[in-house]
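The values are calculated or read from the model by the stated rules, or taken from the named source; none is laboratory data. Bear in mind the structure is a predicted one, so any value in this text is a computation, not a measurement. All Cβ positions, even for glycine, are placed from backbone atoms using ideal geometry, and neighbour counts span all protein chains on display.
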Amino acid sequence: MSSIRTLLSVALLAGASSSAAAQGLAEPTPFTAHYQLQISGWPNARVEHRLSQHGEQWQSDMRAAIAVARGNERSRFRVNADGVRPSAYSSGYSLLGIGGDYRLGSSELSALPDRQAALFDLSRRSAQAGDCEGSDAAPCELHFVDHKGEEETLHYRVMARDKVESPAGTFDAVSVETWDPETPSVSFCSTSTPHSRACCSASTTTATANVAVG
């Protein structure tokens, strides 16, 4: 079960990372994205990512499915001038209908955000020029708590800012590389625009995504 949960976490992280630069520091925009991930050695993974607004709060909802395994993460947070403030997080994993559910409340999220809220915050950071730009730059760190409330660290770099052509037109795009410092051989490089997102990974895990955004 642990390997399935890890694989589902990879799919969720890949999907979340692939939207990491699409929102910027402006007012967030609701969207629904459907990812088709190809992961080396495993069946294709389907990921749906939905960002919606509920009053003064935003909700990031991601669901991944790989063969007979499923995973989901949901985070509610406020977007303030000084950052993202999560209020609730829930997640679940199952294999052949057997699995577990996890929840974190505002008290567990008071010091660090959950993963979904943290990756949303990364999207805002990477949209602005700053440190950790380019393949030779020292990485920046993103700190958050996992589904059990334990601290995790993600390293990232902004690799490029360029134009991307798509059937919908030509858009500004930001490419962001992210990786777990404990497993640096597995990294995700995502390119995001306001209308399309494509995710790829390198080294020991290979994942590509075809994305439709509504």
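Brief remarks follow.
- The set of residues in the range 94-105 being in a loop (DSSP other than H, G, I, E, B) and either loosely packed, with under 13 Cβ neighbours inside 10 Å or within 18 Å of the chain's Cα centre (by Cα) (or both) consists of 96, 97.
- Residue satisfying all of: in the range 126-148; assigned to a strand (DSSP E or B) and either over 14 Å from the mean Cα position of the chain (by Cα) or among the β-branched types (Val, Ile, Thr) (or both); surrounded by the fewest Cβ atoms within 10 Å (Cβ to Cβ) among these: 141
- So residue 63, is it within 26 Å of residue 160 (Cα to Cα), touching an Asp or Glu at 6+ places or on another chain (Cβ under 7 Å), of a type outside the set (Val, Ile, Thr) and not in a loop (DSSP other than H, G, I, E, B): no
Every residue, every condition in (1) within 30 Å of residue 173 (Cα to Cα); (2) outside any strand (DSSP E or B), yes or no:
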residue	(1), (2)
84	yes, no
88	no, no
92	no, no
107	no, yes
110	no, yes
117	yes, yes
120	yes, yes
124	yes, yes
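- Considering residues of the range 72-82 that are crowded, with 19+ Cβ neighbours inside 10 Å and over 14 Å from the mean Cα position of the chain (by Cα) only, the residue nearest to residue 102 (Cα to Cα): 76
- Residues that are at pLDDT 85 or above and within 20 Å of residue 49 (Cβ to Cβ) are absent from the range 122-140.
- Near pairs, Cβ below 6 angstrom, 6+ apart or cross-chain, from the range 85-106 (touching a residue at least 24 places away in the same chain (Cβ under 8 Å) and among the aromatic types (Phe, Trp, Tyr)) to any residue that is crowded, with 16+ Cβ neighbours inside 10 Å and not in a loop (DSSP other than H, G, I, E, B): 89/75; 89/104; 89/114; 93/5; 93/8; 93/71; 93/99; 102/91
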